[in-house]
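Step one of this worksheet: look at the structure below.
The values are calculated or read from the model by the stated rules, or taken from the named source; none is laboratory data. Note that the structure is a prediction, hence the values are computed from the model and not measured. Neighbour counts run over all protein chains shown; Cβ positions are idealised from the backbone, glycine included. The area values use the complete protein model at the heavy-atom level, side chains included, leaving out ligands, DNA and RNA. Shrake-Rupley method; radii C 1.70, N 1.55, O 1.52, S 1.80 Å.
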Amino acid sequence: MPEPHLWSPDDPHLYDLELSFGHDRTRSYCAFRTVSVEPDAQGVPRFHLNHKPLFLRGVLDQGYWPDGLMTAPVDEALAFDVRTMRELGFNLLRKHIKVESDRYYYWCDKLGMLVWQDMVSGGATPSPWHSSYKPTFFRRSWSRYADDDPHHFPGLAADDPMFRTEWIAACEGTVEHLRNHPCICAWVLFNEAWGQFEARRAVGLVRRLDPTRPIDAVSGWYDQRCGDFLSVHNYFRPLEVYADAARPHRAFVISEFGGLSLRVPGHSVLPTSYGYGSFGNLTSFRAGVRSVLAQADALEAKGLAGYVYTQLSDVEEETNGLITYDRRVNKLEEGECL
């Protein structure tokens, strides 16, 4: 098509598609768009949609439900989550450590929501020191732990060769299964050292399978100077843009932050509560969330390419969602959701 109608979050145009094989026919849809990391007019690496810079305002989406755990109760529930986050001003969902049913990605395609797709983690039980304490206390450790050194595999919970073989197969299967969805704009390979190994090799594997999308090789810490993003998690430090030691420089993203907590009585399944800073009422919670989002938005001028706020909904004892686990209360807006 010489002048295709391009897909974007503001204009999620889908073309109807019919495939015919003799007497057999099937219907589907397709879209036209490009996603890339390119320098902006000032030479700063940014995420680009259709070769135009787009600041990513994202939310972490674990996709859990109180009545079905990893299965949504009805199709409309999937659409509800996507639609609600769009109404709150977000243009990206990071599908976290989970592969959803195709209906989820259909609704993102149709409603105009970009998706960063995580690979599913695995391996042995993560070492608390290597996966949590050390990177939390010592930021310098983030670039000083090689994931291709077999001596480091136990610390990364990746010492079982059968797991590494299984992870590669699952990664290939995820990309092959989902790569036709226009909403998916990046692949996220490893998260917070959970089963991380040979990220450079994994980047090469995914690039061969899908050369059309950027790759977030390591989300959190233990960056291996590969992929298209320098992707950090920041729950305990002032928000800022870090310098990239890789050449050429990659786009800088804060791929997890926030996590502010408010437990809403009558809408939580557990009496316990977890988050990164707690509030006692909706008024203070809303002020706190809006403040930290404003801080992240302000970093766009300093080179931030995008962010992912934690998180879309409460999950079990994690009461740091923007909406409650049962989706009844939108903590940032007045009134009930449903």
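Quick one: net charge around R57, please, counting Lys, Arg +1 and Asp, Glu -1 for every other residue with C-beta under 12 Å from its C-beta.
Combined, the nearby Lys, Arg, Asp and Glu give 0.
For the chain, divide the Cα radius of gyration by the Kirkwood radius and give the resulting Rg/Rh value with two decimals. Don't skip to the end; give the middle numbers.
Working: Rg = 19.9 Å, Rh = 20.7 Å.
So for the chain, dividing Rg by the Kirkwood Rh gives 0.96.
Hey, what's the range 1-153 come to in accessible area per residue, 1.4 Å probe, Å²?
54
Going from the alpha-carbon gyration tensor of the range 136-195, what semi-axes, largest first and in whole Å, does one get by taking the root of 5 times each eigenvalue?
Its equivalent ellipsoid spans semi-axes of 26, 17, 7 Å.
Let me check I've understood the local charge: for S219, count other residues with C-beta under 10 angstrom from its C-beta, Lys and Arg +1, Asp and Glu -1. What total comes out?
-4
Output the Kirkwood hydrodynamic radius of the range 77-152, Cα pairs only, in Å rounded to one decimal.
Details: mean 1/r = 0.0653 Å⁻¹.
One over the average 1/r among Cα pairs gives 15.3 Å for the range 77-152.
Straight-line reach from K98: which lysines have Cα under 23 Å away, leaving out those fewer than 8 places along the same chain?
By straight Cα distance, K98 reaches K110.
Give, in whole angstrom and from largest to smallest, the semi-axes √(5λ) of the equivalent ellipsoid of the range 183-338, with λ running over the eigenvalues of the Cα gyration tensor.
So the equivalent ellipsoid measures 32, 18, 14 Å along its semi-axes.
Return the inverse of the average 1/r over all pairs of distinct C-alpha atoms in the range 74-116, which is the Kirkwood hydrodynamic radius, in Å to one decimal. Each step should come with its number before you reach the end.
Working: mean 1/r = 0.0968 Å⁻¹.
Evaluated over the range 74-116, this radius sits at 10.3 Å.
Which value, in Å², gives the accessible area per residue of the range 169-291 when a 1.4 Å probe is used on the protein heavy atoms?
With all protein chains present, the range 169-291 gives 41 Å² per residue.
Taking amide hydrogens as modeled 1.01 Å from N in the peptide plane, which residues meet the under 5 Å criterion relative to S313, leaving out close sequence neighbours?
HN-HN under 5 Å from S313: Q62, L322, I323.
Apply the Debye scattering formula to the range 1-87, with a single equal point scatterer on each alpha-carbon and no solvent, then give log10 I(q)/I(0) at q = 0.26 Å⁻¹.
For the range 1-87 at q = 0.26 Å⁻¹, log10 I(q)/I(0) is -1.21.
Taking every alpha carbon pair in the range 159-237, what does the distance histogram look like in 5 angstrom bins from 0, in percent?
3, 15, 27, 24, 19, 9, 3, 1
Apply the Karplus curve 6.51 cos²θ - 1.76 cosθ + 1.60, θ = phi - 60°, to the phi angles in the range 93-108 and return the couplings in whole Hz, x for Gly and Pro.
With the stated coefficients, the range 93-108 comes to 10, 9, 6, 9, 6, 7, 9, 7, 5, 4, 5, 4, 5, 4, 5, 5 Hz.
Which of Y104, P135, G155 sits farthest toward the positive end of the charge dipole of the range 103-173, with +1 on the Cβ of Lys and Arg and -1 on the Cβ of Asp and Glu?
After comparing all options, I get P135.
Using a 1.4 angstrom probe on heavy atoms only, work out the carbon and sulfur share of the accessible area of the chain in %.
54
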